[in-house]
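The values are calculated or read from the model by the stated rules, or taken from the named source; none is laboratory data. The model shown is predicted, which means the values in this text are computed figures rather than measured ones. Virtual Cβ from ideal backbone geometry, glycine too; neighbours counted across all protein chains shown. For the accessible areas, the whole protein counts, side chains as well, though only heavy atoms, and no ligand, DNA or RNA atoms are used. Shrake-Rupley method; radii C 1.70, N 1.55, O 1.52, S 1.80 Å.
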Amino acid sequence: PVSNVATFAVIPPPDLLALHAANPDRYPCLLESVARGPHGRFDILFAFPEATLTLASDDTLHENGHAVGRGGFLDALDRTWHAEQTSDAAGVLPFSGGWFLFLGYELASEVEPVLVGLAPDSRLPRALAVRSRAAFVHDHDTQHTHLVWEPGVPEEWRVRMQLDARACTPEPERPVEIDALVEDDPRDYLTRVRRVQEYIAAGDVFQVNLARAWRARLKF
């Protein structure tokens, strides 16, 4: 959508993670990268969530918290997106209003029906879409934080975001110390590797991504 953009004169720039932690209802979603360069230039903190579309782990589809059926997340998202689509905004910033999306691996079954029986993580939805018409966008190249909004966003939203930003400057960095570290049994991982090799040899699969869990407790 076409947007207006204002650059904050906040020195230092606000801490977007701290803003999210202080008020996750107002700032629910943060995209932040530790990488730098063209693909890690911007961080985005979405503000004032409105419509939500959620596919729960049991395949129940929810719109704004209300169950409306089973499955069909991608079709529902496409209908909603087209209903609100406006002209594209040109500019350097990567966000000018729109949606935050989380798409789990299990959502692949809506694209490829043969992928049935994928066991979802009950702690997470299969997919989530959150509509936001305002956001903070931090540019690591310029060290400027921008307030981005779509036309029609209430003035009180912009005022609230500016006040929050000025009250939430970065804390001094502290070294991270690991208090305890636990890893999955490497023997279980090797057993899975051998099983995958058997599946590949049988022609059942051609690629499998395996991972091991590491759990750390940090000192503060």
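Would you mention how many residues in region 211-220 are in contact with a strand residue (DSSP E or B) (Cβ under 8 Å, 6 or more places away or on another chain), farther than 23 Å from TYR105 by Cβ and either among the β-branched types (Val, Ile, Thr) or open to solvent by 80 Å² or more (accessible area, probe 1.4 Å) (or both)?
Total meeting the criteria: 2.
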Subset of region 184-209 (residues that are of a type in the set (Ser, Thr, Tyr) and either at pLDDT below 90 or open to solvent by 70 Å² or more (accessible area, probe 1.4 Å) (or both)): TYR199
Failed item in (1) part of a strand (DSSP E or B); (2) open to solvent by 90 Å² or more (accessible area, probe 1.4 Å), with PRO175 passing the rest: (1)
Some residue of region 107-129 being open to solvent by 50 Å² or more (accessible area, probe 1.4 Å), modelled with pLDDT of 85 or more and farther than 22 Å from LEU17 by Cβ: no
Residue match in region 201-210 (condition: charged (D, E, K, R), touching a strand residue (DSSP E or B) at 6+ places or on another chain (Cβ under 8 Å) and either outside any helix (DSSP H, G or I) or over 20 Å from TYR105 (Cα atoms) (or both)): no
Among (1) more than 30 Å from LEU93 (Cα to Cα); (2) surrounded by 10 or more Cβ atoms within 10 Å (Cβ to Cβ); (3) charged (D, E, K, R), the one test that ASP141 misses: (1)
Cβ-Cβ under 9 Å pairs, at least 6 apart or on other chains, region 24-38 side closer than 15 Å to PHE95 by Cα, far side among the hydroxyl-bearing types (Ser, Thr, Tyr): CYS29/SER132
